[in-house]
Amino acid sequence: MRQGFIFTLDALLALTLVSLFVVSTVTMVENMEHGYATQVREKNKDMAENLLRTFRTVPLDNLVPPTQISDWIGDGTLDLTYVNPQMPPLQIVATYWALNSTEYKQKAEAIMKYLLQNLASGYKYQLIINNYTSPYLTFDNSYQNASDVGSATVMVSGYVANETPRGYVAKAYLTKFVTFQEKLVGIQRVLAGGYYCSQPVPSSYNDYSLTVSKLYLEYQTVPGYENTVQSGRFQLEGSYNGGSVSVNEDLSWWSVNYRNVYVDGYGYVGQITISNGVNTVRLYLNKRFSSFTTNYDVRAIVYEDASGNQEVVYPDSGVYVVVSWTWNWGWYISSSRAYTTTPDISNAIYRVSVPPYECNDFNDNSLNVTLRFKLPLDASDISGLLNYATRAGEFVNFILNGKTLTSTEISNYLVGGDNVLDAYFYNPQWYEIGFGSGSWISLKYKTSTPQVDNPGLVKFYSITSEGTGIYYLNSLFVPGNVTGINIKLTVEGVHEIRIYYSNGTTLNLIYENTSVSPGLTTVTIDNSTLMGNLTRYATLQELSKRNFNLVIMLDAYYDTNYSRPVRYAGQDYNYEWSNQRTLYGYPDSYINITYIPRVTMTRFTIPLEQIYSPNGEGRYLAGYKTMYFDYYLPDKAQPWYVDVWTAISFSGYPTGLTTLYDGPNANTKVFEFPLDYYLIRLAYTRLTNNIMVPGETNEFKLESDSNDYVFRVDDSRAIVHYFLNGYAPYGKVFTYYAQDNACGYNLIYWYNLGSGVQQGSVLIGNCRPSEAPVQKKTDDLEPGKYALDDAIYRLFVQLGAEEDSASFPGTKDNPIRVELKGLAGKAIGIKSVPATGGSITVTLRIWRGG
C-alpha cells in the first residue's frame, strides 16, 4: 500500500510509467518557438511538455493519493459511468469534454486544478482546453508580461472502450498531399546616400616629427585582377615626441586603384591607393603612369587610419613598384607589385587630424543589397514576378541565383531550395539611392511540403554601401502577443549604430551606440534595452495589433531641422567616414521577436495563401485615395493574417488619417491612424470575429482622407494567410462502417489548386493486404449512414469544400483545395460513446515570472 505522495516536478521528470489502457489517439504539438529563445524559456518549455506527457500517459491513481480518489468517486468528480481512476488525466478531461456538459467540464477543471497545484509547485501556470480557461486552471495572468513562458500543446480524443461493440465511429486524416503555395516576399526599404566625399580634408593637422625604426612594404595583385591584392604586408614602426606608432597590416584582399595626380612642385605622378575600406595606404611614385614604364620608385608613403591620422614617410630609395601593362583597345595596367630592399628615409611625419573635415570633391555612391528566400526542395511549376521601385530613378542591376535579370518575370531563374537576389544601385540622381516602397517578389509553386516562415525571425539582408551610411527600414509583424525583441548586428566599417521607432510621422530614437569599432564587430541589443525605450512610444498591446517599424541606421542619423532629415556619414557629415561599410546578413544579423501565437499549429495543419492585386478608387497624383480587394476564406479555414506590401506617394508632409476596413462588405473599422510616411507594409491578424470571416467574401479597404497622400495600387500586393486542418476526429456512432461491407474505398474526388477543377483518386480505409477497396465517387457517399463516409465528408469540409453547398464536398461543383496523395481512415467498434467525441486541444503554459 502506498504510504504517501511527494509532488515535485523533478520527481515527475524522472518517472517512467507504461499505461496498458489505451483510450485515444494523441498528437503532441509544440508551440511555434524560435531557436534563439533563452535557456530559461527552453527549460520551461521542456517542463510544460513533460507535464503534459505525464498527464496523458500516467494513470490518475498513480498521481494522487487513494484518499483523494475515494473522495472524487464519492462526490461524483470521477463518474465511473464514463471514466475510471486508471485512465490518464487528459483522457478523463477529453471524455468529460465530449459530454458537452457544463457540469462535467467543472469536474474536469477540479481534477486538473488539483494536479497543477501539486505538480507545478514553484511555477505559475495556465491550462487552456479548447481555447477555454478559468480561475481554476490559471495561477494568474502575469504570463502576458513574462519573458520566460514555456508552452506545449497536445490533441486528445477520449473514448471509453467497453466489451461489446454496438456500432462504428471513424476518423480520417491526411498522410500526404500536394498543394500550390503562394509566397509574397516583401522587400524592406534599404537606402544609402547618393554621393560620398572622395577627398576629405581635415581642417588642420598637428604634425610631429617621426623617427622611423622599421619600414616594410610588399604586395602582389591577383593574376588577371589588378584591383585586388593577393598577398602583401605593410609594416611601420617609429616614435615621436609624446608617443609611438606601430602598424602591421596584412594587405591580402585589399583593393588597389591607380591614377595620376598632380603634386605641387612635382607635377603629375602616379598614385596607388590600397584600402580595406577602413585603413588606407597611398603610394606616390617618382613619375606618372605610362605604358612605356614598368618600374617606379616610391617617393612618399601615406598610411591613414580610420580616425584620419596619418603616418607620412618620404623614402629616397629602397621601396619600389613594378607594373605590367596589357593592350585592349588601349593600354591598361594588368597587375602590380611592390617590394622593399633597404629603405633610405629622408623624412617622416606623424599627423594627427583636427576635426571637422571639409570635402574637396564627391563621387557617386553605390549600394549593394543581397537578400535570400527559400522554396521547398520539391517545388515545381514555379512562377515568380519581381516588382521594385528605386528611391529617385537611379540605375539598378539584379542578379538572381548567379544570372543577370533582363526582365521582372523571374520564373525561369527560380529553384527549389535557397534563392539569392543581388541588387546593385548606382548612378544616383539625388541624395539617396536604394529600394523605395512597392518592392516585392511574388511566388507560386507546387509542393507536398509547404513551408511556414516564422514571422518573428527577421533575417537581415547583406548590405554594402561604397561610401556613405545606411538606412534600413524594417516593417515588422507577428500574429500574436509580442513579449520581447532582440537584435543582433554584425557590421564592418561602421562607427555608429542607431535604432529608431516610427510612429508614422516621425522617428523616435530607442538605441544609440556612437563608439562602434570600425573593424568587424558584432553588437547584440537585448530585450530589456530595446523595450525600455520602445514602450515609451508604444505599448506591447499596440505592437501586437498590427505591423510596426524599426529603422536601423548605420553611420546615419535623423534630424528634422534639415529638409532631408536622414543624414548620412560620408555625404552630410563626418566626410572622413567615406569608407565602405557592410551589414552582414542572416545568420550574422537578425531581429528576433518573441510572441505568444494566436493560432496553434499541429502536424495536420495545412498552410494556404492567396495573393491579390489591389484595386483603386479616387485617383489623385500618382495613385488612389482608396485601395481595396476582396478575398474569400473557406468554411473551416483558420485565419492567420493579412499582409499588404503597400506603395505610397505623397507631396510635402500631409496631415490627415488613414482608415482600414475589413470583413464582409468592409463593414468593420479595424484601424484609424495618422497618415504614415513610412507605410511600406500593413499587416494584421484576426482581432475580432467580424473580420477575416471564414465562409464569407471579405473586403480589405484602406482609405486616405488627403489628396496629397495616395496609394500606388499597381506597385502594391497583398497576401492572405490561413490554415486548413487535415484531420477529422472520430464522429457519430453508425451501425455500418462502409458501403457494401467494404474495407475501404478507392475514392474518386475533385480538387482545385487555383488553376481549375481536376479529378483525382485516393485510397482510404482499413483494408488488409488480402482485401480490395471498393471504387466510389464522392457523389456516391452517404455520410448519414456509414461511419467512413461521414469521416470523409467531415475531412473534405476541413480541406476547403463548402459545408452548406448543394453538392457533396469533394465533388466537381464543390472541390477541395489540396490534391490527396495519402489518406488514413480509421474506425473502432464501441458500446458507450459520449455523443460528440471529437478531439480537444490542451495547452499548458509554465513560467516563474521573476
What number, in percent, do you get for the relative contact order of the chain if the mean sequence gap of Cα pairs under 8 Å and at least 6 apart is divided by its residue count?
17 percent
Could you calculate the FRET efficiency of residue 113 with residue 46 from 1/(1 + (r/R0)^6), where r is the beta carbon distance between them and R0 is 25 Å, rounded to 0.05?
0.60
Gain on full stretching of the segment that runs from residue 354 to residue 671 - 0.36 nm per residue minus C-alpha separation:
108.9 nm
Theoretical gain in end-to-end length, residue 696 to residue 380 [0.36 nm per residue, Cα-Cα removed]
110.7 nm
May I ask for the net charge around residue 508, where only other residues with Cβ less than 15 Å from the Cβ of residue 508 are counted and Lys, Arg are +1 while Asp, Glu are -1?
-2
Yeah, the range 378-534 with a ≥ b ≥ c from its alpha-carbon gyration tensor (a/c under 1.5 is rounded, else prolate when a/b outruns b/c, oblate otherwise) is oblate
Given contacts defined as C-alpha pairs under 8 Å and at least six residues apart, what's the relative contact order of the range 605-725, whole-number percent?
47 percent
Label-point separation (nm) for residue 775 and residue 736, each offset 7 Å from Cα along Cα-to-Cβ?
2.1 nm
Just subtract the alpha-carbon distance of residue 295 and residue 314 from 0.36 nm times their residue separation and send over the number in nm, one decimal.
5.0 nm
Is it possible to state the helix-based mean residue ellipticity at 222 nm for the chain, with each DSSP H run of 4+ residues giving -39500 (n - 2.57), the sum divided by total residues, to the nearest 500 deg cm²/dmol? What is it?
-3000 deg cm²/dmol
Contact order normalised by length for the range 355-478, with contacts defined as Cα pairs under 8 Å and 6 or more residues apart; what percent is it?
39 percent
Relative to the longest principal axis of the C-alpha atoms of the chain, give the angle of the C-alpha long axis of helix 39-57, reported between 0 and 90° and rounded to the nearest 10°.
20 degrees
So the label point goes 7 Å from the Cα of residue 613 along Cα→C-beta, right? Which residues of the range 433-450 then have their backbone N under 18 Å from it?
438-445
Cα-Cα longer than 31 Å, checked against 45/669; 176/374; 45/545; 488/669; 183/636, kept in input order, equals 45/669; 488/669
Of the labelled options (i) 53.5, 151; (ii) 30.3, 104; (iii) 34.3, 112, which one gives Rg and Dmax of the Cα atoms in Å as computed for this structure?
(iii)
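FYI, it's all coordinate maths here, none of it is from the lab. Remember, predicted model here, so these are calculated numbers, not experimental data. We place every Cβ from the backbone using ideal geometry, glycine too, and count neighbours over all the protein chains shown.
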